[in-house]
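The values are calculated or read from the model by the stated rules, or taken from the named source; none is laboratory data. Nothing here was measured: the structure is a model prediction, and the numbers come from that model. Here Cβ is always computed from backbone atoms with ideal geometry, including for glycine, and neighbour counts include all displayed protein chains.
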Amino acid sequence: MMEWIQANAVLVGAIALVLVLALVFLLRRGKALPQKREYRDVLSEGAAPAARNSALIDAPPAAAIDPPPVLAEAPPPSSDEGDDLTRIKGLGPKISTALRALGVTRYAQIAAWTEEDVARIDAQLGAFAGRATRDNWIEQAGLLAGGDTAAYEARFGKL
């Protein structure tokens with residue numbers, strides 16, 4: 001028998017390992033599962049995505065983070081409410097609504113913006129920041145305010 005064990009040492013070792021693993025599994029199965037760690041539910045507190053991750057590592061409470069401002073929906077423009085800002089390429093209905101909430105209703109206002117004005121407006125446009133510069137709103141608004149449709153269409157395409 002001893003000769004057989006020595007000749008088949010790998011097989012005997014594998015059988016012993018399987019038996020030990022089975023024994024460990026059966027012994028651990030009877031123990032209670034570890035308790036789950038509880039975290040503050042920051043999702044229901046209205047936290048911003050950046051605050052959700054930091055809340056788990058003792059960051060300031062989510063209530064200390066100001067939510068982004070909610071812009072009121074503006075009705076479609078009529079002749080007495082200003083210009084149709086959506087005629088400016090790159091300026092859609094959502095941005096138009098945001099600009100109207102900031103008091104921007106005329107092409108002439110946009111045409112008169114300085115770099116400081118663009119920076120101030122960009123800071124309030126959130127995800128749309130940078131569009132005024134990237135889409136040349138000031139140049140487009142200047143042409144539209146002056147009524148130069150031919151120059152506008154030559155530079156920016158058909159209205």
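For this structure, a couple of remarks:
- Within region 127-139, residues that are under 13 Å from Lys94 (Cα atoms) reach partners that are modelled with pLDDT under 95 and assigned to a loop (DSSP other than H, G, I, E, B) with beta carbons closer than 8 Å, at six or more positions or on different chains, in the pairs Arg131/Gly90; Arg131/Leu91; Arg131/Leu125.
- Failed criterion for Leu159 (all others in (1) closer than 21 Å to Ala101 by Cβ; (2) touching a helix residue (DSSP H, G or I) at 6+ places or on another chain (Cβ under 7 Å) hold): (1)
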